[in-house]
Structure formats: C-alpha cells, structure tokens
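One structure is given here, and the rest of the page talks about it.
The values are calculated or read from the model by the stated rules, or taken from the named source; none is laboratory data. What you are looking at is a predicted structure, and each value in this text was computed from that prediction instead of being measured. Cβ placement follows ideal geometry from the backbone for every residue including glycine, while neighbour counts extend to all protein chains displayed. Side chains are part of the model used for accessible areas, which takes the heavy atoms of the whole protein and leaves out ligands, DNA and RNA. Shrake-Rupley method; radii C 1.70, N 1.55, O 1.52, S 1.80 Å.
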Amino acid sequence: MVPEATARAARAAARRGAYPLAMRVRDELGELFADGEFAAAFGRRGRPGWSPGRLALVTALQMVENLSDRAAAARVRFGMDWKYALGLELDDEGFDPSVLVEFRDRLVRHGLEEKALDLLLAALVGRGLLGAGGGARSDSTSVVAAVRDLNRMDLAGESVRAAVEVLAVAAPDWLAGAVQVAAWSRRYGRRVDAWGVAAASTADRERLAHDYGVDGFALLTAVYDPATPGWLAELPAVDVLRRVLVQNYVRTLDADGREVVRRRETQDGLPPGRTRLTSPYDLDARRTARHTTTWTGYKVHLSETCQPLGPDGRPAPGSPPNLVTNVATTEATVTDNAMTAILQTQLATRGLTPARHYLDAGYASAALVLDTARTHGTVLVTPLLTNNSPQARAGNGYDQTAFTIDFDQRQATCPQGRTSNTWNPVRPHGKDAIHITFGAMTCRPCPARPQCTTSRNARRTLLVRPREIHESQQAARALQTTPDWKNDYKQRAGVESTIHQAITTTGIRRTRYRGLPKTHLHHVYAAVALNLLRLDDHWNNQPFDRTRTSHLARLAATQPPPPN
C-alpha cells in the first residue's frame, strides 16, 4: 500500500503536466516485484536491509531515466513520484548507492538476472496484453565492453601489471624477493598505454612486447616455484596472466639450449577469436567485426511482439503495444544463426511462442526453418540467402538452380540433359550434404562448359543439402520473391526502432558493468524499462507509431492538397 500522506502529496503534484510514469506503473500494476520472488538471494539472517522488490523497481526506473546509481538513490530520496511507486513515506531517507551494487551482485550470484522481466511478462499475460501466438521479431546489436580496447602488446603488459598489483597487496614481502621492485615499478607503476610508445620505431615496439612476455613468464615461474605459497597461484589475476601469455607467446629453445620467448603469430596457431582474451579485467569480452564495424565486448538479441499491420501500414486502433519478450546476451563472436534455436526455446519457456517469427538473413537457414516448424510450430519469416556461386553472381551461367536434382535416382541432370556420375553423402562443417560430380568426359566436350564451370579438371560439381532441406530451401527462395511475402516481411523492420530506442534511452550500446552475467542483467532491466515506457504510452492512449513519423510528415498530412 502507498502511505496516505505520500499518495496525497504525489497526486496533488501530478495534477499539473503529464502523469508521471513511475506513479502510473504503481497504479496499473500494483506491487509488481514482490520480495518473496527474490528470497533465494536474500537470507533471513542478519540486520534488516532494503526490500529487494523495491530495489528491482528502482533498477528498472533507473534504466527508464538512464541514471547512475548515485542519481537513482537521489531520486528515491527526493522524488515524490518514485516514493509513490515504491510505497515509501515522504520522510524516508532512502539508501546508499552501494546498496544497488550489492543487489546486482546477489542477483547474478543466485541466477536471478531475468526475474524482473519474467514477473513483468507474467503480469502482462494476466492482463491480456501478451500471450502465445501472433507475431514476434528479433535482431541483435553490438555492445561495447566497459574496458579499454587493447592491442596484443598492451594486453600482455597490462596483464603483467594487473598480476603485479594484486601480488603487491596479497604478498608484498614475497614479491620484493621475487622481482626487482625498482625496475618493475618504472615499467608497471602506471597503466600500460600504447600512446606512450606511439612514436617509437617498430623495433622498439617489438622489443617492448618481447620484454612484457619475458617479465610475465619470469613472474609465473616465481609464483609456481615449489617454495612459493600455493595460494598465490590461485589468485585470479595470476591465472589471467597465464592465459594471456599462452595465447600470445611461444617459448622455445635456441641452438644453444637457451630459452627464447617470442610473440605468437598466425603460423604459430593463434587461438580463435571466441577464446582469445582481450582484457585482463573482463574475461568475457571478445573482439569481433560486423561488416565495417569492429568492437570489443558483447552482442544483445532483443525479441518483441509485433501487431498485424492494416492497409495503411499501421496496427489497428486499440492494439496492445509491442513489448520486449526476450533478451539474450552473448559474447561478440557468437553468430546470429547460432542463436535462432535458443531464442525460440527461451520464448517457449515463457509461454510466448510466436506463430510467426520475423528475422533477418543472418539468423536463417533452411534447416532452421524446418526445425523451428517441427519443434515449436513457428513459421520463420526470413529471407534465405540466394545462391552465391560464380555462375549466379555473373548472371549469365548455369547456377545450381538450373540443375534438376532427382533424390530417388540419386543423380542430377544439367541443362544440356547430361546426368551426373557420382552421388556421395558428406558432412562439411558438421552439416549433412550431398556432393554430386559430373564426369570429365561429359563436361569437357560440352559446348556450354564456359557458362557452367571453370574447374581445371573440366568437371562440374554440386553440393546440395538432404532432400527435405533442399526442397524447403527451393520453396522458400521462390516464395520470398512474391509481393505478398515482401509485404509481410516489412514487419521485421520495426525491431530496428526498438534497438534504437534501447540504445538512446537505456544506453545498452555500452555496458555499465564487467563480465557477461552483469552485462546481461543490464540488458534485462533495459528491456523492462522499454516495456514500462511503452505501457505508459499505451495507458495514455498515445499514437502507436508516434516515434516513426516525423513532425514534418504529420504537418503535411493535415494540409489541403495543392491546387492543380
């Protein structure tokens, strides 16, 4: 219950201007986050603390207004609308900002990152604003980690510095006997920064990178020495240093039997990007590229409902708002198509399986279209990539679609009426396929060979998926060229505005925290904030597409047509 004095004062202040979002959320949804839902993370022993349900709502409202912890704590102390939403007395002095840090830590430790979104979605299902069926759409965007972007040399040096800093606190006497403190203090007393050696020659930078590797291995040798206390090797910073050195350096012996340390290059087997550390302080952040954009951090996948569009391209009046129903955060190197089945499973777990799911081509494959229909009964509305063979790109040759595939007879027929010689099941990249080969004696004298193949052995080969997938792929590619399919697929574009709103309103493009679990927590509460904003518009009877039409376009729509 909202205290009477708080309710009276807040409602009196709200008579002027727009009704505050925080107060409307309390009026419409009541006590949305009950303390009992967070009981697993908050024990009964110890002195009483702040209500976890209230802290969850504070975190959601913090994302609505994109506030820091200190600013959110100040809003709790001084904002009547927040006090109303939280059910606090007017004279409640609030809490210290550090309480929000501990709250997030507890949620992550106990696996309750998605609890707030689950509770909100369940409340909306109960009010008839959400449910299974209908349409959904998903897309992903890059998320920059809350650490510096380090090159390989800086990473090695900063990892050594981080380990030395931890050892200097944990075992200062041992460290003083293990390294030359004065010399190491000059090199590692300040953070390692490429700007300091930007003007140096290539030889100087290579020498410095080599010295970082030598120092790092020397420090690890001292830590793992039998005479060293064993608990030092268990320090996280020491293990990070070990992993960075293994990924970026090679230790070998020269002709005289002396140990040589050199930087690992491609020919030495650099680890793949999905396992390569990019910072000693955020072990989950990865560096990747997407089109022309390169970043270090994560990716977030947002899924939302989408209402059917009328002839005017807008949802029908009175339609429920489009609401975010799922959030998935991954390392930056995870591809979109690896998440398609996961997103479907997460939506099904919440009881929000869509009838039609709109995705871009990065999420799609013919096999995924079939698997999703079988497992969840969902139609994936997504364009399958067209044939990318040289003949298809040239547009004047025989691409794969020009061949007739007979799965019963296990052979292919070319446009000239010749049949294939071999039909062999294969598994390239772990996927079932069929490798079809035409004979050299068939292809070499063929007058159409220049339009068919440029192979040195004069034979045309085809690689096709198994029958069910192949036929589904051909049918889907034919369907996606029709006007009806193209008009239906326009609904997917709306998720781009959702991502834009998430970036500009809640700041998900740059994570506030380090590590994948806390970054995901940030994204979940950002999704809760987006839903609260959209619900507030819905309750205020705001136009459904008010963010998609420019003021100039609206003005033009109200003007009379120009004279003939």
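Below are the figures for this structure:
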| item | result |
| --- | --- |
| Separation between Cα centres of the stretch 60-87 and the stretch 421-489, rounded to whole Å | 59 |
| Calculated FRET efficiency for the pair Ala176/Ala289, C-beta based, R₀ 60 Å, to 0.05 | 0.85 |
| Protection proxy ranking of 143-149, 320-326, 72-78, 90-96 - average other beta-carbon atoms within 10 Å, highest first | 320-326, 143-149, 72-78, 90-96 |
| Assigned charges on the beta-carbon of Lys, Arg, Asp, Glu; the stretch 161-237 dipole about Cα centre (debye) | 280 |
| Inter-probe distance in nm under a simple model that places probes 7 Å from Cα toward Cβ, at Arg410 and Thr202 | 5.6 |
| Axial C-alpha extent at least 24 Å, average Kyte-Doolittle at least -0.5 - helices from the chain (DSSP) | 152-170, 202-223, 516-539 |
| Cα-centre dipole for the stretch 67-158 with unit charges at Cβ (Lys and Arg positive, Asp and Glu negative), debye to 20 | 320 |
| Linear extension gain, Ser98 paired with Arg191, 0.36 nm per residue minus alpha-carbon span | 30.8 nm |
| Where the chain is the region considered: accessible area per residue in Å², 1.4 Å probe | 52 |
| Helix-only CD estimate at 222 nm, as mean residue ellipticity for the chain, using -39500 (n - 2.57) per DSSP H run (n ≥ 4) | -12500 deg cm²/dmol |
| Net dipole in debye of the stretch 360-519 [+1 Lys, Arg Cβ; -1 Asp, Glu Cβ; about Cα centre; nearest 20] | 780 |
| Positive-end residue, the stretch 298-432 charge dipole about Cα centroid, Cβ charges, pick of Gln409, Leu368, Gly310 | Gln409 |
| Projected label distance in nm at Asp268 and Ala448, using a 7 Å step from Cα toward the beta-carbon | 5.4 |
| Euclidean distance of C-alpha centroids, the stretch 2-21 and the stretch 269-316, integer Å | 40 |
| Two-site label geometry, Arg509 and Thr461: point separation in nm, points 7 Å out along Cα→Cβ | 4.5 |
| Top positive-direction residue, dipole computed over the stretch 243-302 with Cβ charges, set His301, Ala285, Pro272 | His301 |
| Sequence of Ser303, Ser472 when ordered by accessible area, the most exposed leading, probe 1.4 angstrom | Ser472, Ser303 |
